[in-house]
1. Return the inverse of the average 1/r over all pairs of distinct C-alpha atoms in segment 152-294, which is the Kirkwood hydrodynamic radius, in Å to one decimal.
2. Evaluate the distance, in nm, between pseudo-label points positioned 7 Å from the Cα of GLN288 and of PHE82 along their respective Cα→Cβ axes.
3. Would you mind telling me the share, in percent, of accessible area of the chain contributed by carbon and sulfur at probe 1.4 angstrom?
4. Could you order the peptides 126-132, 388-394, 280-286 from most to least packed, using the average number of other C-beta atoms within 10 Å per residue?
5. Just how large is the dipole of the chain about the Cα centre, in debye to the nearest 20, putting +1 at every Lys and Arg Cβ and -1 at every Asp and Glu Cβ?
6. Which part of segment 123-152 falls in the paramagnetic zone of ALA16, meaning amide N under 19 Å from the point 7 Å along Cα-to-beta-carbon?
7. As I understand it, the value is the acute angle between the Cα axis of helix 407-417 and the longest principal axis of the Cα atoms of the chain; what does it come to in degrees, rounded to 10?
8. What does the charge count near SER436 come to, summing +1 for each Lys or Arg and -1 for each Asp or Glu among other residues with Cβ under 12 Å from its Cβ?
Amino acid sequence: MQVFTSVIVLAIFIVAYIYTDIRDYKERKVKSISSLAHVIGTNSASSILFHDDESGREILAELKDVAPEIVRADILDKDNAFFATYLRDSTGKRDSPFIKTQKNAFFSDTSLFVADDIINNGELIGRVSLVVELSELKAIKKAKFEMAAILLLAALCISFLIALAVQPYISKRLLNLVNAIKRVGKTGNYTTPVTDDGKDEISILVKTFNNLMKAVNESQQRKDEFIGIASHELKTPLTSIKGYLDLLNVMEDREPNRQCVHKALESTHKLEKLIRDLLDVSKIQSGQLQLNVTGFNMDELLDESIESIRMIAPTHTIKRENRNSGQMIYADREKIEQVLVNLLSNAVKYSATDNKVAVSSANSGHELIIKVRDHGIGIPEDELTDIFGRFYRTKNSSVHISGLGLGLYICRDIILRHHGRIWAEREEKGSSFYFSLPLETHTEDTKTIDIENKEPAF
Ligand code: ADP
């Protein structure tokens with residue numbers, strides 16, 4: 001395709017060049033023959049004045065040597081009557097152009113016609129007419145078009161040969177890429193990039209394919225990592241449940257031991273939470289997480305959530321800093337409780353050395369803001385928004401504190417579905433988590449919202 005396009009472009013340029021060259025040649029010719037006509041007119045003025053047609057013919061006869069391409073020349077008097085005529089040979093026997101036109105120069109297919117007025121003392125006394133044979137122009141045209149044809153043919157052949165030589169190089173690189181795609185499809189190995197040292201479109205294609213492989217590889221690695229963590233997180237409580245149940249089984253008095261039952265129950269709760277988180281994530285991903293909105297008292301919900309955390313984390317002091325005199329909220333009570341419990345259990349989990357956790361609420365007029373403050377390990381500034389991402393765990397916590405990095409992702413989705421906001425802030429020691437819920441009056445007590453699943457921009 002490229003070869004043919006180049007040849008067509010070359011042909012257009014050559015034709016344009018020939019056209020301008022011929023036009024210049026014609027202009028030059030008109031100019032030189034017009035000057036000749038003027039000289040003849042000046043020389044023959046006295047012949048006309050003295051009616052000396054013999055000397056007029058002599059002047060014209062000189063044209064045979066001076067301009068052999070002139071086939072006919074005429075001198076006419078002021079009434080357009082022929083005064084003297086010159087014919088180079090029999091081909092010059094044709095009508096004088098003045099009978100047909102008053103133009104000073106024009107071209108026919110084979111000839112150039114040029115005329116000039118003969119003026120004496122400002123008075124028109126006659127006219128000179130010359131007919132020039134254009135066989136030279138014809139020859140020039142023929143030669144130029146032949147040369148153009150040869151050049152184009154040569155260009156076509158050379159381009160074709162170059163294309164033929166380059167083709168295997170291009171095909172080889174494309175085949176290399178195709179084989180790599182087939183290999184990846186078969187083996188599922190996305191780690192070996194395709195090499196290509198070119199700088200053209202094929203190398204861009206190769207680079208794009210390598211980037212795609214890299215992205216797939218990274219996502220696979222994240223998935224593998226998650227499966228590893230999830231299996232570990234599921235296995236640990238299951239092993240401990242099994243251990244306590246085995247212990248109960250071999251106890252001599254066959255009476256359930258309270259502490260063993262308590263420990264087994266604790267592990268069962270952990271397992272239940274993990275499985276619920278995984279289910280919630282898959283519901284969020286498929287857009288099936290639904291809200292069951294009712295009106296409820298936020299103060300009561302805060303008390304209940306704090307109480308349930310106090311039971312499982314007796315080591316920590318969870319303090320309610322203020323109350324909002326029974327502020328009514330319209331939201332999914334169970335889901336908001338899930339958010340609160342998640343924030344509180346994180347506050348406990350990530351503050352092993354300092355056991356103070358504080359919960360407060362504030363009414364801004366159009367929304368209710370809840371704050372959970374801890375004095376734990378804190379969150380690096382540049383990770384404050386990332387922690388709400390799926391599977392995200394901060395670098396300082398992921399090594400020694402267990403977790404899947406799903407809780408905050410679920411909290412964010414729940415709050416955004418309620419048209420609220422959720423964010424974290426760094427404190428001098430520890431961190432504060434905030435979420436807000438819009439304050440609006442509802443006439444219905446209960447309604448179900450099914451919001452489209454969209455990734456919010458944090
Ligand atoms: P998980 O706790 O199971 O890892 P989350 O989604 O609840 O998952 O939290 C995501 C990450 O955010 C945690 O791994 C931790 O690094 C960080 N994080 C959450 N809450 C706190 C907190 N109160 N203090 C310090 N880091 C926290």
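The values are calculated or read from the model by the stated rules, or taken from the named source; none is laboratory data. Model, not experiment: these values are computed from the prediction. Glycine gets a Cβ as well: all are built from the backbone with ideal geometry, and neighbour counts include every protein chain shown. We work out accessible area using only protein heavy atoms, side chains counted, and drop any ligands, DNA or RNA first. Shrake-Rupley method; radii C 1.70, N 1.55, O 1.52, S 1.80 Å.
1. Every distinct Cα pair counted, the radius reaches 21.5 Å.
2. 10.9
3. On the way: 15960 of 27890 Å².
Heavy-atom surface of the chain belonging to carbon and sulfur, 1.4 Å probe: 57 percent.
4. Numbers: 126-132: 24.9, 388-394: 17.6, 280-286: 14.9.
The most tightly packed comes first, giving 126-132, 388-394, 280-286.
5. Working: 58 positive and 64 negative charges, 275 e Å.
With Lys and Arg at +1 and Asp and Glu at -1, about 1320 debye.
6. In segment 123-152, the label zone of ALA16 (backbone N under 19 Å from the point 7 Å along Cα→Cβ) covers 145, 148-149, 151-152.
7. Helix 407-417 sits at roughly 70 degrees to that axis.
8. Values: positive: LYS371, ARG421; negative: GLU367.
Result for the local shell: +1.
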